[in-house]
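Structure record follows, encoded as structure tokens.
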Amino acid sequence: MPAPDSPLALIGHASAAARALRDLGLVAITVPTDDLDGALSACRTLRFTGALVHPSMEAALLPLTQADPVAVRAGRVDAIAFAGGVHGTFALADALTDTIEASGYATRGASALLVGLAARDLALALPLTRLGFTDIGVVAETTPEAEGAARHLPAGVRSYPMSRRDPSVATLAERADLVVLTGGSLPTGLLQPYHTLVDLTGRAQQRSAAGTVMDLSRLPAQRLGRQLAHATGQRFHVDELTTLLPAFG
């Protein structure tokens, strides 16, 4: 574990985030964003333990880090560790898994339908596929995008990649228990009363009266916990992090 006084870099975040992290005993420092490569080099030289990345900087930092497979598939980096290199990850994806596991939703043996626009936004939901789903439909704007995402599903899972315009999407939806929306909008009439919806866009639940919408209110805190674990090697309870979230808005 890094030394307790090893500073944590904040890339793109306001100084309020640094003040909030003091409540956790962390020394956090905002760093310049006009030269990201130079900032990362300086952080390593000054022995920063890691960095938290603001959403506006996530895509720009991907090519500057040794990104893990989750970050590469998502095309974004939201946390960096400087131990032995510049190791980037995209913590939101695994935080979603944490949130669904904590909800008590029965995933083992269930069927899921992932609905997005492209392989990169569908990548947000791919870690969920390790939770024991047997059949997974992957729907994107085009069939090649859906197939690109489906290639990363676990072995043994039956996958059905297809375009949003494919009439078979309705049949896939009828068989699904969980519907995960990662981008765009839900096709009209897709969501049924027996479905549970995980809406990562924050928009579909406002327009649909069908189905049960899973509560994702703890997802931001779960994500911050994952980011801090990657960047500092320290783990914090979700309840400790909830009060800090306004500073990271």
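What shape does region 1-135 take by its C-alpha gyration tensor, where a ≥ b ≥ c are the square roots of the eigenvalues and a/c under 1.5 counts as rounded, a/b above b/c as prolate, and the rest as oblate? Working shown, then result.
Working: a/c = 2.43, a/b = 1.80, b/c = 1.35.
It is prolate, given that a/c is not under 1.5 and a/b is the larger ratio.
If you count the DSSP beta bridges with both ends in the chain, what percent of them are antiparallel, to the nearest 5? Bridges in the chain that DSSP calls antiparallel: roughly 15 percent. From the coordinates of this entry, Rg and Dmax of the Cα atoms in Å is computed, and it appears in (1) 19.0, 58; (2) 25.2, 73; (3) 17.9, 55 under the label (1). Temperature 10 °C, viscosity 1.306 mPa s: under these conditions the Stokes-Einstein estimate for region 52-119, based on its Kirkwood radius over C-alpha pairs, is 118 µm² per second. Measure nothing fancy, just the Cα-based angle from helix 91-103's long axis to the longest principal axis of the chain, in degrees from 0 to 90, nearest 10. Helix 91-103 sits at roughly 60 degrees to that axis. The HN-Hα couplings worked out from phi for region 184-194 by the Karplus form 6.51 cos²θ - 1.76 cosθ + 1.60 (θ = phi - 60°) are x, 10, 6, x, 4, x, 5, 7, 10, x, 7 Hz, whole numbers, x standing for Gly and Pro. When both region 51-68 and region 216-249 are represented by their alpha-carbon centers, they are found 18 Å apart.
Peptide packing: for 52-60, 115-123, the average count of neighbouring Cβ atoms within 10 Å per residue gives the ranking 115-123, 52-60, highest mean first. Peptides 225-231, 108-114 ordered by packing proxy, namely the average of other Cβ atoms within 10 Å per residue, highest first: 225-231, 108-114. Rounded, prolate or oblate: which fits region 1-62, taking a ≥ b ≥ c as square roots of the Cα gyration tensor eigenvalues, rounded meaning a/c under 1.5, else prolate when a/b beats b/c? Oblate shape, in that a/c is at least 1.5 and b/c is the bigger or equal ratio. Please give the residues of region 59-89, grouped as numeric ranges, whose backbone N is less than 17 Å from a label point set 7 Å along the Cα-to-Cβ vector of Asp35. The answer is 64. Which angle between 0 and 90 degrees, to the nearest 10, do you get for helix 219-232 versus the longest principal axis of the chain when only C-alpha atoms count? It is inclined by approximately 40 degrees.
Say R0 is 30 Å: what FRET efficiency, to the nearest 0.05, do Ala16 and Thr188 get from their beta-carbon distance? Don't skip to the answer; put the middle values down first.
Working: r = 42 Å, r/R0 = 1.38.
For R0 = 30 Å, the calculated efficiency reads 0.10.
So how much slack lies between Arg203 and Ala247, counting 0.36 nm per residue of separation and subtracting their Cα-Cα distance, in nm?
Roughly 13.5 nm would be gained on extension.
Think of each Lys and Arg Cβ as +1 and each Asp and Glu Cβ as -1; about the Cα centre, that makes the dipole of the chain roughly 140 debye.
The relative contact order of the chain comes to 17 percent, based on Cα pairs under 8 Å that sit 6 or more residues apart. Taking Cβ atoms as reference points and 15 Å as the exclusive limit, the residues near Ala110 contribute a net charge of 0, counting Lys and Arg as +1 and Asp and Glu as -1. Can you bin region 195-249 into rounded, prolate or oblate? Criterion: square roots of the alpha carbon gyration tensor eigenvalues sorted a ≥ b ≥ c, rounded for a/c under 1.5, prolate for a/b above b/c, oblate for the rest. Prolate, because a/c is 1.5 or more and a/b exceeds b/c.
Read-outs throughout are calculated quantities, based only on the coordinates presented, and are distinct from any laboratory measurement. As the structure is a computational prediction, the values presented were derived from the model and not from experiment. Counting neighbours? That spans all protein chains shown, and the Cβs are built from the backbone with ideal geometry, glycine included.
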